[in-house]
Structure formats: structure tokens, C-alpha cells
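The values are calculated or read from the model by the stated rules, or taken from the named source; none is laboratory data. Please read these numbers as outputs of a predicted model, since none were measured by experiment. Here the Cβ is made from the backbone with ideal geometry for all residues, glycine too, and neighbour counts use every protein chain on show.
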């Protein structure tokens, strides 16, 4: 009698037979495999080795090396990024901080789906550019980040660790340096059972063989030879994939769109260099002395021979012919596991075989809902579909719906539950779809779809999340280190092939719809609160006088028939009218916008505070909105931000400027800040509005962040902009990245952009020209205006500039000399050209009072 999955279940092995839910790609069309991809995965069954690459941010990873290791050497390959890149700049939209971290997380996952590696994280928060590891470790909780790194190493058991950066100043960014320092410490700590012993309840101590630094010519002094380094060629061609590893890498790296890292393909020889850091020496290869065959698994030698035979007999025109032999390998692995002390590689390969069985059998399965959201406490139906596209006799045995296990809301519909579809068995006739429905309900946690690292307030340097051990049944239930949430729900299909062992396919429950232009699209199912409360994103409410302003609050129904009251909560000294508003939303997704009138009273204190919007339904308060992030290269992301906004009582004056033309660059919220100050702002069309004649109606023209990096139109229209200045206009240019400008000169006179910046947001500021109008009119700028800034003071300051430019302020990070080019002003004809690297695009949405006063002076051109 064959060793069946029933027997496996009795031994507590059921989880081994289904690909781990973390590895199921959410918001993707169900994965299918070509014959050549199946062959590559069959060959990978016989490679029993693992490697992990470690760096600091999304886009730090060497995608070519990852592609080579995963698809050329067929190793289990992982990238561990310390952060999610929350502190970067956004080239594709206005999202910053946590929202940008969500985008960059998904960009990494998109990259990994291409290059074949796995993705992991620590809970370190990318707080912005840091110049030293010492500074980084004053903001990160070093021991906690190290613990996370050790956890992932023990979980994935890499034979070799590879760092992207050296542990010193050559790495540049302090986070880069810190990632290398932590990797070296984790190399030792992972194998030491005395370090982080609480982890050993779920994982074993693991000592990698060696740690190497993936160096290159960019880290080597001019003229220094690379001859002493360990070398490999990662530029080979993979005929099963039809691409070189350089081509795969270019496609992978180009997923980092928010950072502007589109890459061209490389073909041919591509040497990679490695310097040993810790562990056993390697003479010729990264994996010298490491057995990567089944011989490393007790009793596994026979498995290797069985896999060799499947590969030898593989028929690309008929992959289903391999199913019978794969089933025997699966059975043999289960038998090995019953007496094994170490399950790691057995479990890894069981998961791989489950995927291969599905791929070879040509089974297609999906589970969908007809709406993208489900209200907490609500219910809906899941439609499943399974299809046999081979000639094999396959029987569907059971269909099971499981809900997300985190946090604390664990419900599984068991096989004998009456809610399971009535079809207990169904012959999967080749080409004939089998469909059915399953009910889904009882989600009681309204934040289950919020990214797990954003559910609790963290700190500047660290994210925070809870993992109550009572929820855990195995290591797969941990979120720690994982890139994203598990799917809200999954459907498992158990099936029988040739009348012998039945297996399982698990797919996430997704929303599927058809776009008239883009066609069939998938989106993660999201659980939402019964009612959501939205205040316009990235808006600070600024009051320069006692005049009231309208605060629009939009309610959105997460379910039908939701009613209650809405209030705008404000600090002492402020008045919101009306005090409360009743609402009744009849249908799901109905919206109602309430305009509150907000005014400061005589006792309102100057400075920054916060307002909150709260809806009360049946005695329960709801204060989170909904934010959908949609870009074509990543799955749709749904976030639930608190319904809050900065509230700023400000002493700010305006001069002659009334009308401002704003040319958007990579995306920012500065136009809204200008409107809050009372300016009339028009967004300029780069195709039609950039002529001196059209610009003449504006008192000032402002270019958004990175405009000279992303707007090709500026190549031809720069003379028109300068003519506008020459005729008496004020032109304000916000920061421009020093690489990849669309034209060599961005100003009327030469200036050289650099990567110089002041990362300490509270760095003391010196006023170089105290009497300059930019510092005195219409507002007197003082040191107080640089207090309370967030993340950084400024970035991409010019390193040299023509004598026509006047410097205005200076500041510097600890241990450095003054940077004097945060603001450069040049009279040009009758007008003024101004370049500023000050991080206004961060400070204004955060409600920093001084940033508004500085912005007013810049567009007023010093009260001209």
C-alpha cells in the first residue's frame, strides 16, 4: 500500500504537502510552467544547497548574482534586506515613508519572481540617509535587528552568506556599513545556541560555512588589482530560460521603478569578485568543501538517483509522464522524514515536489471573489475552479477553505465541515473545469489586511509587531522576517493521481476582474472596517490668521447599511463645526463627505498639533481610512492609515505673489502646501505651458522634485523658462538628483550637482547673508524655522557654483564642514532663479511650521 497523505496527516505532516502560504504569490494570475521551466525545477531537486545575500535596502541586491545562483547553480537563494527602503525618494508618485516602504517591498517581490530568489527583511526602519554606522546604530535597535537577521539565517540555513558592502566608510551610506557589520555578527551568532536561545523552540542553531563580501571595481582604488579575489562568471546563458543571467537581472532590477533603476541587459562574460570575511577559506569556488548533493541528508543518496532518473527520462512534450516517478520520490521523502532528526531539506524538497506534481500534471486552480474587499464581520462566497490539462486520471478529493492565521483569528473549515462544497469527489476529466463555491465569513479583526509591520506604532528606527506564541502551530505562522502578510484566505484542493497518494494545491483567495484595456487582473482580497474615515492624504491644515477653513472628511462604507456619527476631534483652542454629524450609508462602498468648519480661537497655540476624525457605529469607534496604492508593476496594495492630519497655527506673511505655476516632477505634495498658504496654484502641462508667453501670467514658477531628472521636455523648453526669469519672473527649482539629468545645465549659470546632503534634520543653521531679502521678507527667517524637521534637512546640494549665485544659509552634519548651497539665488535679467536642496517635499506634508515660512519667502523672491 503506497504511503499516502492520510498516513502523512496521521504523522502530523499535512503542512509539508502544500506550498507554504508565504510562498504563494498574491495578486498574481495562478502560476503555470513551461516544459523548460519544469525541467529546470526538476534539476534543482538534486541540488541541496543554500545561499543568502545581505544588504541594507531594496535595490542594493546584485540581481545578476542572485539570478545566477538561483537558476545557474540551482541553489535556494535568498536576499535579506535590513529595511524596506522607507526613507528613499519616490520617482513614480507622491508616496513617502511607510507608503513608499510598501511600494519598495512589492518591487523587491516582483524582482524575486523574475530572478528566482526569496525575499526577507528585518524590522529596521529606513529613517533616511545616514553617513556612518555609528549614527545608524543610535537609531536602529542593533540587538533587535541582529536577532531578526539570525532568525532568518536559522530559518533558511544558508551554506554561504554574501554581503553587498564592506563594514566601513567605503560603503558610503551608514545603513550599508551597518548591514555588513550585522552580517558578520550574525554569522557567529546564528551558530551559537547561547545567542537568542528563545528562537531555538522553533529553529535550530545554524553555522554557515563562510561569509564573503561581493566586492567590485567601485570599491577598489584606481590601479588596484582584483587578482587576489575569488572570482566567478555570472554572465552565462541559460537555454532553459532563453536568457543570460545578465538579461534576467536587468528585468529584475528594472522592477525598482520608484527609485529609477531601470537597467539595460548585459550579455557575455560578467565576473563577480569576492573577498573572504569569516569562516572556512575557499580556493576556487564560493562553495568549496560544501556537499550540495543528497549525500548531506541521512539516507538521501537514493533520492538523488531517483531524481537523476526522472531528469533523464523527462519528456518536454509530455511532462505528465514524470508524475508517477515524482510520486515515488515524494513517498520516499515522507518515509525518510518519519525517522529523521533534521527535517529542513526534506521539507524544502517536499514543497518543491508538490509544485512539480501540479506543474507536470497540468493542473490549473484558482479561488476568487467578486469584490476586492470584505468587511470585518461580513461574509461572501469564494468561487473555486480546478482544471486538469493533461491526460492523467485525476480525481478531486476535497476542497478546503482556510482563513489567515494572523493575528489571532485562526479558523479552518475542516474536511468534514458541512460548509465544504458538496462535491466530495469529482473526476477531473481532461479539459473540463470543475467549479464550486465556499462561504467565507467571521473575520473579526478589522486590521488583518494592514501590512503587519504597520499595525502598531513603531519608532523612528524600528517597526514593531506582536507575535503571541499562542497563535503558532509551526514556524510558518511567524511573520517575522517575511516580506508581506499571508493571504487573507486560501483554498486547498486535495487530489488523487492514478489512484495513489493524493496531494494538495493551495491558492490564495483573490479578487479577479476584467479591465476593458488591460484584460484579466487579480488583486488581493482585503478585509476592511465596517466604515472607513478618510482625511485628504498628505495635507497639513495651515492657519496664518483667524479665518476658518473647510476640512473635508469622507466616509466610506465597508458593508451595506452602516450608520452612526462622525466627529472631528481638535486640540484645545480650536473649534470644529458641526460638533457631530449623523450618517447612514445604504450600500457597500457608498461614500459621504462631510465638510467641517475649523477655526483657531483666541487660545490656539502657535506651532504644530494634530486633528483626528472618528466615526462611531454601535458604540464602536473607527478612525482609520483606506488608501489604495496602484501601479502596473506591483499588486494593488491596501493600507488603513489613521484619519489624522497636521494642524499648524502659523505666523506667516505673504507679499505680492498671488499666482504660482507648478511643474510636477517625480511627484510631491508641495502644490497643496502653497494652496494652504493662500496662493492660487496651477499645475503646468510640460507639453503646452512651458513658453515664456504662457508663463508670464504667473508671479512665480516652481519646479517639483527631480523635474530635471524625469521631464524630457525640459531639454527643449529650458530657454523658455529662463526667458520667463529674464522678463522678471521668479523660478524656484527643488532638488535634482546629480545623476541622470535631462540636460547638462539646469540654471542660467553653471552649477555642479552632487550627492552632498545634511542628514541630521536638526543641524544648526548659520545665516550667511542675514540681510538678504530671502531671509527677511515677507517673513523674518530664524533658527526656530529649522526646528522640528523630519528625516533630513536637505539633499543633493551643488558642490560648485558660478559667482552669480548667492549663498544664503549653511549647516553641516557632525564632524563635517559647512554645506553652503542649500539655497542658491541668482539674479537673471529682471527676475530671480533659485535652487534649493532643502527637503521641503518632506517637511510640508509633515506640517513643519518653518518650512511653510521658508517656502513663502522663496516664492515671494524675498518680497520683490
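Check the stretch 599-611 and report whether any residue there is on the phi > 0 side of the Ramachandran plot and outside any loop (DSSP other than H, G, I, E, B).
Step one: filter the stretch 599-611 for residues on the phi > 0 side of the Ramachandran plot, giving 607.
Now restrict to residues that are outside any loop (DSSP other than H, G, I, E, B): 607.
Scanning the stretch 599-611 turns up at least one residue that is on the phi > 0 side of the Ramachandran plot and outside any loop (DSSP other than H, G, I, E, B).
Checking 73, 170, 157 one by one, the residue that is over 21 Å from the mean Cα position of the chain (by Cα), surrounded by fewer than 23 Cβ atoms within 10 Å (Cβ to Cβ), at pLDDT below 95 and farther than 30 Å from residue 844 by Cβ is 170 and no other. Do we have any residue at all in the stretch 61-83 that's more than 29 Å from residue 37 (Cα to Cα) and touching a residue at least 12 places away in the same chain (Cβ under 8 Å)? Yes, the stretch 61-83 has at least one match.
Using the structure shown, decide if residue 242 is buried (at least 18 other Cβ atoms within 10 Å of the Cβ) and on the phi > 0 side of the Ramachandran plot. Write out each step before concluding.
Numbers: buried (at least 18 other Cβ atoms within 10 Å of the Cβ): no; on the phi > 0 side of the Ramachandran plot: yes.
In short, no.
Does residue 722 fit the bill of being on the phi < 0 side of the Ramachandran plot and not in a loop (DSSP other than H, G, I, E, B)? Taking the combined requirement at face value, the residue satisfies it.
In this structure, does residue 470 turn out to be in a helix (DSSP H, G or I) and either modelled with pLDDT under 90 or touching a strand residue (DSSP E or B) at 6+ places or on another chain (Cβ under 7 Å) (or both)?
Working: in a helix (DSSP H, G or I): yes; either modelled with pLDDT under 90 or touching a strand residue (DSSP E or B) at 6+ places or on another chain (Cβ under 7 Å) (or both): yes.
Criteria met by residue 470.
When each of 306, 226 is tested for being free of Cβ contacts under 8 Å to residues at least 40 places away in the same chain and over 21 Å from residue 176 (Cα atoms), the lone residue that passes is 306. Just checking, how many residues over the stretch 428-466 are in contact (Cβ under 8 Å) with a residue 24 or more places away in the chain and part of a loop (DSSP other than H, G, I, E, B)? The number of residues fulfilling the criteria is 24.
Listed here are the residues, each with its yes/no results for (1) at pLDDT 95 or above; (2) farther than 22 Å from residue 638 by Cα; (3) in contact with a helix residue (DSSP H, G or I) (Cβ under 6 Å, 6 or more places away or on another chain); (4) surrounded by 13 or more Cβ atoms within 10 Å (Cβ to Cβ).
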{"position": "553", "(1), (2), (3), (4)": "yes, no, no, yes"}
{"position": "569", "(1), (2), (3), (4)": "yes, yes, no, yes"}
{"position": "584", "(1), (2), (3), (4)": "yes, yes, no, no"}
{"position": "593", "(1), (2), (3), (4)": "yes, no, no, no"}
{"position": "598", "(1), (2), (3), (4)": "yes, yes, no, yes"}
{"position": "602", "(1), (2), (3), (4)": "no, yes, no, no"}
{"position": "606", "(1), (2), (3), (4)": "no, yes, no, no"}
{"position": "612", "(1), (2), (3), (4)": "yes, no, no, yes"}
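Highlighted here are the helices (runs of 4 or more DSSP H) found entirely within the stretch 765-864 that include at least 3 residues which are more than 19 Å from residue 89 (Cβ to Cβ), at pLDDT below 95 and outside the structural domain of residue 610 (by TED's automatic domain parsing): 773-776.
Mind checking which residues of the stretch 382-394 are more than 30 Å from the chain's Cα centre (by Cα) and either under 19 Å from residue 560 (Cα atoms) or assigned to a strand (DSSP E or B) (or both)?
The answer is 385, 386, 387, 388, 394.
Among the candidates 299, 289, 262, the residue that is at pLDDT 95 or above and surrounded by fewer than 19 Cβ atoms within 10 Å (Cβ to Cβ) is uniquely 289.
On the given criteria, is residue 67 touching a strand residue (DSSP E or B) at 6+ places or on another chain (Cβ under 7 Å) and either buried (at least 24 other Cβ atoms within 10 Å of the Cβ) or under 18 Å from residue 256 (Cβ atoms) (or both)? Please lay out each step first, then the result.
Numbers: touching a strand residue (DSSP E or B) at 6+ places or on another chain (Cβ under 7 Å): no; either buried (at least 24 other Cβ atoms within 10 Å of the Cβ) or under 18 Å from residue 256 (Cβ atoms) (or both): yes.
In short, no.
Restricted to the stretch 685-714, and to residues there that are more than 30 Å from the chain's Cα centre (by Cα) and assigned to a helix (DSSP H, G or I), the residue that is nearest to residue 856 (Cα to Cα) is 695. Residues 230, 240: which one is within 23 Å of residue 76 (Cβ to Cβ) and in contact with a helix residue (DSSP H, G or I) (Cβ under 9 Å, 6 or more places away or on another chain)? 240 is the lone residue from the list that is within 23 Å of residue 76 (Cβ to Cβ) and in contact with a helix residue (DSSP H, G or I) (Cβ under 9 Å, 6 or more places away or on another chain).
Note on the stretch 621-631: residues that are in contact (Cβ under 8 Å) with a residue 12 or more places away in the chain and either exposed (fewer than 15 other Cβ atoms within 10 Å of the Cβ) or under 24 Å from residue 100 (Cα atoms) (or both) amount to 7. Answer yes or no as to whether residue 375 is surrounded by fewer than 17 Cβ atoms within 10 Å (Cβ to Cβ) and more than 23 Å from residue 506 (Cβ to Cβ). Here the answer is no, as residue 375 does not meet what is asked.
Within the group 143, 107, which residue is farther than 26 Å from residue 190 by Cβ and out of contact with any strand residue (DSSP E or B) (no Cβ under 6 Å at 6 or more places or on another chain)?
Only one candidate qualifies: 107.
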